[in-house]
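The values are calculated or read from the model by the stated rules, or taken from the named source; none is laboratory data. What you see is a predicted model; the values in this text were computed from it and never measured. Methodologically, a virtual Cβ is constructed for each residue, glycine included, from the backbone with ideal geometry; neighbour enumeration extends over all protein chains shown. Only protein heavy atoms, including side chains, enter the accessible area calculation; ligands, DNA and RNA are left aside. Shrake-Rupley method; radii C 1.70, N 1.55, O 1.52, S 1.80 Å.
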Amino acid sequence: MPEGIGLQAKLLADECIDAVEIIPETWMPFDTDLMTASAEEAPDGECTFLDWDGSNDAWFFYKAPQDQTISISLCASQYDTSMIVYQGECDSLFRIACDDDSCEPEGPGYQSKIEQLDVETGYVFIRIGGYKAAEGHGYVYVEEVTACDAD
């Protein structure tokens, strides 16, 4: 993994306005030990399992060139991750998905992934925190899902 990407994610990614751009089909490193809790709270809402408790969090973004489907994985992470996905701009985000423990049985346990998420053209923000304020290092991976042709 290129050193520059890891260093960039450590220096940035602490708030939405400092989000690091995702390179699709590439495991992007992060370390929430180096982050602070974002000013914007992460209420559970329909995600009753998040329990962030002021979790340090990292922010990434993917710029969807068109309406499409993506999958997001934190399965290679080394701590109990939680994830919220938003669309919009940093000053007007709306939550479109969230996850806590969907990587089972992959990974060491309790990592997050969201499969087959439909997104609209524009910015998709991925906010990575930890269950009960867990923190650590990990990797985020975004896959652009190609629709299968009907037979």
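Please enumerate the residues belonging to segment 40-71 that are surrounded by 15 or more Cβ atoms within 10 Å (Cβ to Cβ), of a type in the set (Val, Ile, Thr) and more than 14 Å from the chain's Cα centre (by Cα).
Across segment 40-71, the qualifying residue is only Thr69.
Among the aliphatic types (A, V, I, L, M), modelled with pLDDT under 90 and open to solvent by less than 80 Å² (accessible area, probe 1.4 Å): does that describe Ala37?
Spelling it out, Ala37 is indeed among the aliphatic types (A, V, I, L, M), modelled with pLDDT under 90 and open to solvent by less than 80 Å² (accessible area, probe 1.4 Å).
Yes or no: Glu143 free of Cβ contacts under 8 Å to residues at least 40 places away in the same chain, under 24 Å from Asp31 (Cα atoms) and surrounded by fewer than 20 Cβ atoms within 10 Å (Cβ to Cβ)?
For Glu143, the condition - free of Cβ contacts under 8 Å to residues at least 40 places away in the same chain, under 24 Å from Asp31 (Cα atoms) and surrounded by fewer than 20 Cβ atoms within 10 Å (Cβ to Cβ) - is not met.
Looking at (1) open to solvent by 20 Å² or more (accessible area, probe 1.4 Å); (2) on the phi > 0 side of the Ramachandran plot, which is the one condition that is false for Gly136?
All conditions pass for Gly136, except number (1).
Examine segment 113-136 for a residue that is under 19 Å from Asp33 (Cβ atoms), modelled with pLDDT of 90 or more and in contact with a Cys (Cβ under 7 Å, 6 or more places away or on another chain), and state whether such a residue exists.
Checked against the condition, which is being under 19 Å from Asp33 (Cβ atoms), modelled with pLDDT of 90 or more and in contact with a Cys (Cβ under 7 Å, 6 or more places away or on another chain), segment 113-136 yields no hits at all.
Going through segment 72-121 one residue at a time, which ones are over 19 Å from Asp18 (Cβ atoms), within 14 Å of the chain's Cα centre (by Cα) and polar (S, T, N, Q)?
Ser73, Ser77, Thr81, Ser82, Ser102, Gln111, Ser112, listed by residue number.
So which residues in segment 62-108 are out of contact with any Lys or Arg (no Cβ under 7 Å at 6 or more places or on another chain), farther than 21 Å from Asp33 by Cα and without any contact (Cβ under 8 Å) to a residue 40 or more places away in the chain, if there are any at all?
Residues satisfying the conditions are Gln87, Gly88, Glu89, Asp91, Ser92, Phe94, Ile96, Ala97, Glu104, Pro105, Glu106.
Please determine, by comparing only the residues of segment 72-87 that are farther than 14 Å from Asp101 by Cβ and of a type in the set (S, T, N, Q), which one is least open to solvent (accessible area, probe 1.4 Å).
Gln87
What strands (runs of 3 or more DSSP E), lying completely within segment 41-100, carry at least 3 residues that are closer than 22 Å to Ala133 by Cα?
In segment 41-100, 58-64, 81-89, 92-99 are the strands (runs of 3 or more DSSP E) which contain 3 or more residues that are closer than 22 Å to Ala133 by Cα.
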